[in-house]
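*Asks:* One structure is given below, represented as structure tokens, and several questions about it will come after.
Every number in this text was worked out from the coordinates using simple rules, so none of it is lab data. Note that the structure is a prediction, hence the values are computed from the model and not measured. Note that each Cβ is placed from the backbone with ideal geometry, even for glycine, and that neighbours are counted across all protein chains shown.
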């Protein structure tokens, strides 16, 4: 793994001067991911917050070959570029080493771009897809996505008299990517940036397609202070709402096991989108959220070999 000292000497590929909000976690994600690249890079970015803030003509925050795509097709485009690269190398027309990264938010990855992503992964292109997961369609007005957590208030799942925020739990996209039998799949958080850097290096070295899902909060959508972006990115991990793990060739490995697993309230409280859950009439919502987190955490521990008995199975 590249040392912090060496990383600090590298020239930023995602550079200063973009229009992102102060404390923007997806912008931090872009910088940290691209810092781990030490070859030529082609970057694809689906429509969303990061495209709007980083590449409005005639300005750009990118020091790499860069392609802006519609919401739904960045994985398809980068898979085509990767194919062209292999063809040029085979014909002896290109010698330089290139890597290919597609970026998309959760709206453009979990939802609108899922078909394109699945196709690119199934075909086996050597590319890395990074989802910066801020748990909603933040660019277009903080609407709910299939990554939005249970109970969260958004403009399309408001907390009111009839319903108390989103009624469904998050889609587990990381596990969907594992089901594609990729060489490398991982979950990461900008709150633990060294873990993220290491995983990007592993993903880029993989012999085929790779996928990393990064928790990257939007302080506007989460209704927190800009200075607290890293705090909540860490709390997501420390409460096991967003565990850090990787799957290499089908083998699960836990990246970090919190010394003290914090209750989900520690992540929920302070986020304006969950304020209604702390009202007496909604107390059961926090209990339901905690049970869901515990169930998924124990299942992951079993997959990683940390538990002998499969959760939910009768003891032998």
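*Asks:* How far, in degrees from 0 to 90, does helix 114-123 lean away from the longest principal axis of the Cα atoms of the chain, to the nearest 10?
*Replies:* Value to nearest ten degrees: 50.
*Asks:* While we're here: Residue 52 versus residue 281, label points 7 Å from Cα toward the beta carbon: distance in nm?
*Replies:* 3.3 nm
*Asks:* Comparing 163, 112, 142, which has the greatest mean-square fluctuation in the GNM of the chain with Cα pairs linked when under 10 Å apart?
*Replies:* Fluctuation is largest for 163.
*Asks:* Please determine, in degrees from 0 to 90 and to the nearest 10, the orientation of helix 193-205 with respect to the longest principal axis defined by the Cα atoms of the chain, where the helix direction is its Cα long axis.
*Replies:* It works out to around 50 degrees.
*Asks:* Would you mind calculating the relative contact order of the chain from Cα pairs under 8 angstrom and at least 6 residues apart, reporting the percent as a whole number?
*Replies:* That works out to 15 percent.
*Asks:* When 1/r is averaged over all different Cα pairs and the result inverted, which Kirkwood radius in Å belongs to region 1-159?
*Replies:* 16.6 Å
*Asks:* Taking the Cα-to-Cβ direction at residue 251 and at residue 15 and moving 7 Å from each Cα, how far apart do the two end points lie in nm?
*Replies:* 4.1 nm
*Asks:* Subtracting the Cα-Cα distance from 0.36 nm times the residue separation, let me have the gained length for residue 231 to residue 292 in nm, one decimal.
*Replies:* Length difference between fully extended and current span is 19.7 nm.
*Asks:* Run through the DSSP bridge list for region 4-303 and note the antiparallel percent, rounded to the nearest 5.
*Replies:* In region 4-303, DSSP labels about 30 percent of beta bridges as antiparallel.
*Asks:* Further, regarding this structure: Nearest 0.05, what FRET efficiency do residue 83 and residue 194 give at R0 = 41 Å with Cβ-Cβ as r?
*Replies:* 0.80
*Asks:* Another question, then. For region 94-108 and region 161-212, write down the distance between their C-alpha centroids in whole Å.
*Replies:* 16 Å
*Asks:* Per DSSP helix of 4 or more residues, -39500 (n - 2.57); summed, then divided by the residues of the chain. What does that give at 222 nm, rounded to the nearest 500?
*Replies:* -10000 deg cm²/dmol
*Asks:* Also, quick follow-up: Taking only Cα atoms, what is the 0 to 90° angle, nearest 10, from helix 74-90's long axis to the longest principal axis of the chain?
*Replies:* 30 degrees
*Asks:* Something else about it: At residue 262 and residue 40, where each label point lies 7 Å from the Cα along Cα→Cβ, what is the point-to-point distance in nanometres?
*Replies:* Once both label points are built, they end up 4.5 nm from each other.
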